[in-house]
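The values are calculated or read from the model by the stated rules, or taken from the named source; none is laboratory data. Not measured: the values here are computed from a predicted model. Quick reminder, even Gly has a Cβ in these numbers, built from the backbone with ideal geometry, and neighbours come from all protein chains shown.
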Amino acid sequence: MLSIGLAGKPNSGKSTFFKAATLVEVDIANYPFTTIDANHGISYASAKCPCHELGIIEGCGKCQNGIRTVPIELIDIAGLVPDAHLGKGLGNEFLDNLRIAEAVIHVLDASGSTDAEGNPVGIGNYDPVKDVKFLEYEISMWLYGILKRNWDKLMRGYKALGGKPEHIIFEQLGGAGVTDMHIRRALSEIKTDPGSWGDAELKKFANLLRAYSKPMIIAANKTDIASKEFMERLLALKDEIVIPVTGAAEIALRTAEKAGVLVYKPGDSDFTIVGELTNAQRSGLEKIRKIMKEYGGTGVQRCINTVVFDLLNYIVLYPVEDENKFADKNSVVLPDAYLMKRGSTARDLAYRVHSEIGESFLFAIDARTKLRLGEKYELKEGDVIKIVSAK
């Protein structure tokens, strides 16, 4: 399952975002290091279900109002402070928990109510733009530290054996969630022989590895209390993907929806009140509605979808056994939805369904057109595919 890390300084609202996205109960408090051990929970990426286009809306019980959700893992990681890569705060634990994450949502306190180390200082008393780059730096320096530990020895061995440097580097970094593809891509940008690198080149290489192995967006959290000036400055940043977020509002809406007092689903830009509310509750919801109208929603679902579909370039695919009914052998319509990287092939999907099916793959069928597809057919977003194998 795809894993995404939630990271940032203490008290930035990571645990609030995590609860908003998963409805898992976690400790939320206004002081640093509320989260010590990483919290793991299931959230969902959402995409348009093909059932409308295929004319099988009534038979599809797997989506909600035409929206299909696919589970992903969210990891709420202990707060990070400057120099965490040197062990400050809970830095080492934070970085270890980040290993399996394919991408990172940097939860940033857009209200400026916490200082660099996560201590409360009052709304507007700290410039949130100062926090934008520090997380990238800490992760890069973490990777640099892993490389530096045995670099000279590794390079002597690489030169003596005449092997490829990416193989030696992968052995050192494999446990940090770095792939050989990430390494080759970073090496191609520096171009010089790694055996001749000094500290400057090694740090540049670590930064490139961070960008490729832990791509990042910024969740500008606490937009409901942030000043317009702070939000405008954050949203104007050219080299970052910044999404306005109010995790607290998302929790309120999902809790109210669960109680049956309003109609709302994650990612909506508005909600409908259907139950009895007190004047105070109605007033609170209207304040949330105003923020949602300004920014197009609470931002929580938008963050997840942006990471999955834009940053990591996944697409949603629907394997079926009956291409005429778009169903499995039990007539369940569009029974499964898989996330796979854009560029994946029909055979890749066969392996994803089951290794034996991948090994005995014969061909695939596009359920829409009923055309036969070869093993190298490149899958597209929303494809409904039947796999035919010798098994």
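General remarks:
- Check on G343, exposed (fewer than 15 other Cβ atoms within 10 Å of the Cβ) and closer than 23 Å to E102 by Cα: yes
- In the range 244-292, the residues that are over 25 Å from the mean Cα position of the chain (by Cα), assigned to a helix (DSSP H, G or I) and either among the aliphatic types (A, V, I, L, M) or closer than 21 Å to T22 by Cβ (or both): A256, A280, L285
- Qualifying residue in the range 96-107 (condition: modelled with pLDDT under 90 and buried (at least 20 other Cβ atoms within 10 Å of the Cβ)): yes
- When M141 is tested against (1) in contact with a Gly (Cβ under 7 Å, 6 or more places away or on another chain); (2) within 28 Å of P215 (Cβ to Cβ), only condition (1) is not met.
- Residue match in the range 332-348 (condition: in contact with an Asp or Glu (Cβ under 6 Å, 6 or more places away or on another chain), over 28 Å from R210 (Cβ atoms) and assigned to a helix (DSSP H, G or I)): yes
- Odd one out for K391, checked against (1) under 30 Å from R254 (Cα atoms); (2) in a loop (DSSP other than H, G, I, E, B): (1)
- Test result for V316, part of a strand (DSSP E or B), of a type in the set (A, V, I, L, M) and crowded, with 18+ Cβ neighbours inside 10 Å: yes
- Of the helices (runs of 4 or more DSSP H) lying entirely inside the range 142-216, the ones with 3 or more residues being charged (D, E, K, R) and either surrounded by 18 or more Cβ atoms within 10 Å (Cβ to Cβ) or not assigned by TED's automatic domain parsing to the domain that holds A84 (or both) are found at 180-190, 199-213.
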